[in-house]
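Read the figures in this text as sums done on the coordinates, not as results from a lab. Model, not experiment: these values are computed from the prediction. When we count neighbours, we look across all protein chains shown, and the Cβ atoms used for this are built from the backbone with ideal geometry, even at glycine.
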Amino acid sequence: MLRRLVLPALLAAGLTAFAAAPASAADAPDVRDVANELKSSHIYVDEGVDTMSDAEAGLISQQAEKAETPVYIVVLEDKSVTSRTEAGAYMGQVQQAVGDGTYLLMDGKDLEADSTVLDSGAVDTAKAVAKEQGTQTDAANAFIQKADSEANAAESAAMYGMVLVGLLVVAVIGGGFFLYSAKKKREAREAKELAEIKQMATEDVVCLGEDIARLEIDLGKVDDPTRADYTRAMDSYDRAKNTLDSIQRPGDVEQITKALEDGRYYMTATRARMNGEPVPERRGPCFFNPQHGPSQQDVMWAPPGGSPRTVTACANCAQAVLAGFDPDVRMVEVDGQRRPYYDAGPAYAPYAGGYHGTDMMMGMFTGMMMGSMMGSMMGGFGAPAGDIGGADAGGGMDGDFGDGGGWTDFGGGGFDGGDFGGFGDF
């Protein structure tokens, strides 16, 4: 609470004295019973009290529980405590058991209050308001309301003071604060991007491993070129898998996709040799989905709202584009949405660069990623995602309380068990 920053803890000295004080007043209820009741309902009414009904106590409890500052009411039978020392020691133990808050002790017609969250002036004000009431119930309700208003006023004053201090601090440290904030935001964004890209690369590594396993090759029954290509495919797969565990930033993923591009080509070459087919030309991977492996031809293709450009495509994607259908595009998760990897923002530039190479990217991503991904490739990872071809990417009581003469002031300084002054009624 803000008020705790500006309001003194009034009982520090008093609680030290309690250790040497009597454990409790002889006729007062057990401290543990009182504390347990206060923790659950904010009010304790002694069994011998006949000046407050259960219904009235329930209403007081509701009001105390709604207060901004914790308020606790203890109502004892008249003359339960017989001296200021007893009263101070007793309520001090109650406070220790319950915790911080504002406390009101009512012993017959006597009243005292103390607080660890309000200053002495605010406590005295609330106590004075309570003394003006005619019944214990009215007094307790008035005390809660006034203590709550005093707490709110203190919190407002503290907030105002903190705002002024905050403005001064901002004025003094100004630029440093904003630089630090920007750094933390950038680190959080990069951590999120790294997690997304690492997940994407993991999917690609797993996919390649599964495809290589489907070759079911017997190295003892194949020729040397086939064995060599298969070994290169496995080495590339292992390199990608091992690098995956060590990447620290989105840019590191380029090493993985370079290895995956090598592995897919040599796997394709191995399959061709095993099937007695010509080894395919070494071409870049399918632009639409690098998991498709090496491309077979270039096709003219236009992204939604963009201008046509030449891209590499595998046989199936090329056929789809030439027939006027949508190709099978590699989709990724970005901020909870699925988007094409080439339109996923600058953080994915290294991912694509490892597959296609920077030079080829310049041709493929012109007008698509020029403002974002290529800026990222040059180190500007803070830019927003680029456009695709110019389009967006993305009562009645007995007892007379009226004259206040029956209320005896325990004295200032809280329940410290010391010299409480005019405690004559006890």
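For the reader, a short list of remarks on this structure follows.
- 230, 351 arranged by Cβ crowding within 10 Å, fewest neighbours leading: 230, 351
- Annotation: extensible slack from residue 279 through residue 53 equals 71.7 nm (criterion: 0.36 nm per residue apart, minus Cα-Cα distance).
- For 236, 53, 307, order by how many other beta-carbon atoms lie within 10 Å, fewest first: 307, 53, 236
- Ranked list, fewest to most other Cβ atoms within 10 Å of each Cβ, for 52, 267: 52, 267
- Loop-located trypsin sites (Lys or Arg not before Pro) in the range 223-306 whose Cβ has at most 16 other Cβ within 10 Å (DSSP): 282, 283
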